[in-house]
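Computed from the coordinates by the stated procedures, all read-outs in this text should not be read as laboratory data. As the structure is a prediction and not an experimental result, all values here were calculated from the model. Backbone-built Cβ (ideal geometry, glycine too); neighbour counts: all protein chains shown.
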């Protein structure tokens, strides 16, 4: 990894202990955030009611809120968070670029544009329909940006510019469609903001298999991506199958981003921040970065969602906005770092 | 990065094998002539650039005449010219002066301002993609305008003011955030991209807050349109243009030197940070004024300087040719929008977005092959 300290070949035993302890602590943190996500919301209720709703529901009053609104929302946050965090980690390793992120590289915009077309031209209204279009858009745009950004010789500026340019063009198209079809505008303006608010169990059941496959793939890609990060020549000399790793990584990113975007709309910066945060704890080993990202990204997403629900109660700030407001400064800080100049 | 050096040497040998591309600096320097006067003054003249400038101005004028003549009430091109010169009938005079001329003037000025602003930023960032709509100013102006529409249901004047303030604040913020013992091109671009992402989220939030009527108005504004423009939009834009163009012209030479890199520019006696600050301020002001008048029309700032550069075969984006190209481009796009979509009028911003998007893909592919980005 360009901006990590290269790991010394024999990893000291204490490092393993720290990594495992850190992972456990992250899981505890995730549980706490999940509890917060179920307990806090537009309607404040005592914790006993939350408990009652979760484990002893009789289907009235606060129980309904807990079961029908907050639990699905938390589950969707878990899934989407893990998907975005892992997608960011895979992308950063694949492009060897610390600024790679599905939102900035236009993947989310690609999914949005495909969904917009589906809603407006083909009259698709159900999420089942959305998902496939989101995949298609995500796949096409991620491949396009990767190629335009210079594929293997990509540098951060070129890749980021290719992504931004693609995003700008796609948003132009999205705006045009919305102008011609005000019914689509009414639906889309809530979808394009990136929110967990419309979560229900049906949505979750639809996207869970895709995200599940993507997560498993990402975890398995840890080792090959480690080889890829040493540079093409070294990796090939070590016997890594570069082509297969690249293709599988693209499939993985597409699955994760497409599913997450279809379910909650475009959410930026989660995939950017989490790998950097994780790398500070684990070092550059992708085999550790992946599980950490899968646990800590939902912490960020659900945390942002809870914050968004609490600051403007009883209205709420969509999670995509909160993550952008948190992530923007982090991104700028990364850019300002001295080491960026050498990438 | 071993791999990148390897591929770049490969591409350079490939380009050497082929005949030199026409846009290379070598072919252009031969055409520049120095005109010396008796009093010891000398002016460098590039005949090709001058010719391109004149041609593009002609195209812009022709497009204006066609656009003024077309519509529900058709006027023959000859009558349009006569009316513009003050020899028309009373009916023609009313239609041209009151209804159609302001719209055309806004289009010309907006196109020229956007293109100037774009060529300034592409020079400053030394990157053909570093244009103001990519690095956040368009989004900043949109936040201001959307705030005025959604939060205050503001009048057209308030919306323009909001756009102006939003664009300026964003410009200052990006400059300050990118500042670290000077502003480097790549850092400016990346900081701008980060800021743009945050502002896009804010825009989306404001859209969800709006009623459907306001949301439609906001999306229409965000696409950029010349519909319903009158003299109240022309005067402030014209004032900004007249005030800023001399400043830009005065700093055009330091700007060219800046393209050689900060160290070389220092060595040649250019006050690097001051030149950069003045040009950035002028670029942001031009962009903000244009956006306030017509909304953030996509891609003109990005593509006009590059197209002009290819026509003039000069090494950098030339300012005068870029401005003429921007004006011509915007009016032709407006005409295409009127012809292609008929009565169900799409705003001009949609056409520039689609055209610009295709152009951008082509640019990315060719520039990458030449190893320039």
Chain A, Gaussian network, Cα under 10 Å: of A:244, A:67, A:19, the residue fluctuating most is A:244
Run the quick spin-label model on residue B:179 and residue A:241: label points 7 Å from Cα toward the beta carbon, then report their separation in nm to one decimal.
-> 5.4
Is there a simple number for the mean count of other chain Cβ atoms within 10 Å of the Cβ of residues in A:176-184, and what is it?
-> 4
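To two decimal places, what compactness ratio does chain A give when its Cα radius of gyration is scaled by 2.2 N^0.38 Å? Write out the running numbers ahead of the final one.
Details: Rg = 20.1 Å, N = 343, 2.2 N^0.38 = 20.2 Å.
Working it through for chain A, the quotient is 0.99.
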Between residue B:274 and residue B:87, what is the label-to-label distance in nm when each label sits 7 Å out along the Cα-to-Cβ direction?
-> 5.1
Helix-only [θ]222 nm of the protein assembly as shown, DSSP H runs n ≥ 4, -39500 (n - 2.57) each, per residue, nearest 500 | -24000 deg cm²/dmol
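So how many Å³ per residue does the convex hull of the Cα atoms of the stretch A:53-145 work out to?
On the way: hull volume 11.5 nm³, N = 93.
Dividing the Cα hull volume of the stretch A:53-145 by its residues yields 124 Å³.
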Using alpha-carbon coordinates, inclination of helix B:2-17 to the longest axis of chain B, degrees | 80
Inter-chain Cβ neighbour average for residues B:205-212, partner chain, 10 Å | 5
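Can you tell me which of B:216-228, A:212-224, B:88-100 comes out highest on packing, and rank the rest after it, using the mean Cβ neighbours within 10 Å? Write down the numbers at each step before the final one.
Details: B:216-228: 21.4, A:212-224: 18.6, B:88-100: 15.3.
Highest-to-lowest ranking by the protection proxy: B:216-228, A:212-224, B:88-100.
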Using the reciprocal of the averaged 1/r over all distinct C-alpha pairs, how large is the Kirkwood radius of the protein assembly as shown in Å?
-> 27.0
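Provide the gained length on full extension for the span residue A:29 to residue A:124, in nm with one decimal, where the gain is 0.36 nm per separating residue minus the Cα-Cα distance.
Working it through step by step, the gained length comes to 30.3 nm.
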So for R0 = 51 Å, FRET eff. of residue A:21-residue A:147 from the Cβ-Cβ r, to 0.05, ends up at 0.75
Using the Kirkwood radius over Cα pairs of the stretch B:49-369, the Stokes-Einstein translational diffusion coefficient at 37 °C and 0.692 mPa s, in µm²/s and rounded to a whole number, is 165
Give me the Debye-computed log₁₀ of I(q)/I(0) at q = 0.12 Å⁻¹ for the stretch B:148-294, equal point scatterers on Cα only, no solvent, two decimals.
-> -0.62
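Between residue B:153 and residue A:251, how high is the FRET efficiency from 1/(1 + (r/R0)^6) when r is the Cβ-Cβ distance and R₀ = 41 Å? Nearest 0.05. Walk me through the numbers on the way to the answer.
Details: r = 47 Å, r/R0 = 1.16.
Efficiency for this residue pair is about 0.30.
Please report Rg over Rh for the stretch A:246-333, where both radii come from the alpha carbon positions and Rh follows the Kirkwood definition. Provide the component values of the computation, followed by the final result.
Details: Rg = 14.2 Å, Rh = 14.1 Å.
When Rh is taken as the Kirkwood radius, the ratio is 1.00.
On a full-extension model of 0.36 nm per residue, what is the gain between residue A:140 and residue A:42, subtracting their alpha-carbon distance, rounded to one decimal in nm? Mind dumping the intermediate values first?
Details: separation 98, 0.36 × 98 = 35.28 nm, distance 3.85 nm.
That works out to 31.4 nm of additional length.
Taking beta carbons within 10 Å but only from partner chains, what does the mean come to for residues A:255-268? Numbers along the way, then the final one.
Values: counts 0, 0, 0, 0, 0, 0, 0, 0, 0, 0, 1, 3, 1, 5.
Neighbouring Cβ atoms belonging to other protein chains average 1 per residue here.
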In degrees, nearest 10, range 0 to 90: what is the angle between the Cα axis of helix B:212-223 and the longest Cα principal axis of chain B?
-> 40
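Please give the peptides A:293-304, A:46-57, A:71-82 ranked by average Cβ packing (other Cβ atoms within 10 Å per residue), highest first, as a rough proxy for protection. Working shown, then result.
Working: A:293-304: 26.7, A:46-57: 13.8, A:71-82: 24.8.
Top to bottom by mean Cβ count within 10 Å: A:293-304, A:71-82, A:46-57.
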